[in-house]
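Heads up: the structure comes next, in structure tokens.
The values are calculated or read from the model by the stated rules, or taken from the named source; none is laboratory data. None of these values were measured; they are calculated from a predicted model. Glycine also receives a Cβ, built like all others from the backbone with ideal geometry; neighbour counts cover every protein chain displayed. Heads up: the accessible areas ignore ligands, DNA and RNA and are worked out on the full protein's heavy atoms, side chains in. Shrake-Rupley method; radii C 1.70, N 1.55, O 1.52, S 1.80 Å.
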Amino acid sequence: MTPLQPLLYLAEPTFALLIQGVKQVALGQQTYRYSAGQYLIYLVDLPLSSNVIEASEDEPLLGLGLTIKPERVAALLLESGFPPENMTNQGSIAVSELSDDLLDPLTRLLRLLDNPKDIPILAPSIEREILWRLINGEQGAMLQQLGISNGRMMQIFRAIRWIRNHYKENIRIDTLAQEASMSATSFHRHFLSVTSLSPIQFQKQVRLQMARTLIASSLKSVAEIGFEVGYDSPSQFSREYRRLFGRPPNEDGRFIRETSVANASLKQ
């Protein structure tokens, strides 16, 4: 297969299972490689880079992804009486082998595709079972943090969501620390541990990811888009955009549009 350029994106908390092929995801300098029968799980909105390692026309990459909602984790923990004091701080991303007790509900979920009328009735209970299996699985200690309101993961999760909702604004560490209910020093240390970026670096990635979406779909000029996502200097915007995506904004916009057209024609 032709090597693919890594795809940069901001990922919501997700369970991602590979059924066929091999994929690699990077968070900062850390890389996570997973293949058929393995799953990747990440628990906050992370700036990830991913690329397909092994796939072909005869055996394309196949996978399944489910978004993880903190409120659903919290509901299961409350219902089960899981003791918060037993929680320990873990990382925010990991790879694990698919277990038999997780395979069963995932198979049943996929089979619902053959009977679409069953999906709204049966899918919620199956997804709930999948989440419960994950909570009690190899990465359960990490996942449980997302359902504890005063846990470190949930505190950082709230700050990340604040940044994503206010990415155009100039942010202050004190404001983010208050949102996370942490001291400024503790917040900065834990944010860096979870995301591999400082809060300012994270906001920059959010701005540039939003800008890339606009460049690919908008008729506005590069300078206008830069101002729209929070940059005061067009030259700084173009410089930081190129540093992250490997191309200046206009060239990258053409590349995205041409790639999309080429992929669409191959599917026809």
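Could you name the lysines in cross-link range of LYS23, using Cα to Cα under 25 Å and dropping any fewer than eight places away on the same chain?
Straight-line reach from LYS23, under 25 Å: LYS69, LYS267.
About the Cα centre of the range 61-168, what is the dipole size in debye to 20, counting +1 per Lys and Arg Cβ and -1 per Asp and Glu Cβ, all else neutral?
Magnitude of the dipole: close to 720 debye.
Can you report the principal axis dimensions of the range 92-251 using only the alpha carbons, biggest first, rounded to whole angstrom?
Dimensions of the range 92-251 along the principal axes of its Cα atoms: 53, 42, 27 Å.
Quick check: pseudo-label points 7 Å beyond the Cα along Cα→Cβ at ILE19 and ILE200, how many nm apart are they?
My value for the distance between the label points is 4.6 nm.
Counting other Cβ atoms within 10 Å of each Cβ, which trypsin sites (Lys or Arg not before Pro) in the range 181-234 have at most 13 and sit in a DSSP loop?
Passing sites in the range 181-234 are LYS220.
Name the lysines eligible as straight-distance cross-link partners of LYS204: C-alpha to C-alpha under 23 Å, and not fewer than 8 places from it in the same chain.
By straight Cα distance, LYS204 reaches LYS168, LYS220.
With all protein chains present and a 1.4 Å probe, how do MET142, MET154 order by accessible area, largest first?
Putting MET142, MET154 in descending order of accessible area: MET154, MET142.
Ignoring everything but the protein chains, give the 1.4 Å probe accessible area of LYS168 in square angstrom, nearest 10.
My reading of the accessible area for LYS168 is about 110 Å².
Work out the length of the dipole vector of the chain about its Cα centre, built from +1 on the beta-carbon of each Lys and Arg and -1 on the beta-carbon of each Asp and Glu, and round it to the nearest 20 debye.
880
Taking K and R as +1 and D and E as -1, what net charge do the other residues with C-beta under 12 Å from the C-beta of MET210 add up to?
+4
How far, in nm, would the chain grow between ILE173 and ASN115 when pulled straight, counting 0.36 nm per residue and subtracting the alpha carbon separation?
That pair, ILE173 and ASN115, stretches by 15.9 nm at full extension.
Per-residue HN-Hα couplings for the range 174-183, Karplus 6.51 cos²θ - 1.76 cosθ + 1.60 at θ = phi - 60°, whole Hz, x for Gly and Pro?
4, 5, 5, 4, 5, 4, 8, 6, 9, 6
Enumerate the calculated ³J(HN,Hα) couplings along the range 104-119 in order (Karplus 6.51 cos²θ - 1.76 cosθ + 1.60, θ = phi - 60°), each rounded to whole Hz, writing x wherever the residue is Gly or Pro.
Result, rounded to whole Hz: 4, x, 5, 5, 5, 5, 5, 5, 5, 4, 7, 9, x, 5, 7, 4.
Report the full-extension gain for the segment ALA141 to ARG189: residue separation times 0.36 nm, less the Cα-Cα distance, to one decimal in nm.
Roughly 15.2 nm would be gained on extension.
Using a Förster radius of 25 Å, what is the FRET efficiency between LEU64 and LEU10 based on their Cβ-Cβ separation? Nearest 0.05, please.
0.80
Projecting each Cα onto the charge dipole of the chain (Lys/Arg +1, Asp/Glu -1 at the beta carbon, about the Cα centre), which of THR195, SER238, PHE15 comes out farthest on the positive side?
So the residue furthest toward the plus end is SER238.
If we count every other residue with Cβ under 15 angstrom of GLU179's Cβ, Lys/Arg +1 and Asp/Glu -1, where does the sum land?
Neighbourhood net charge equals +2.
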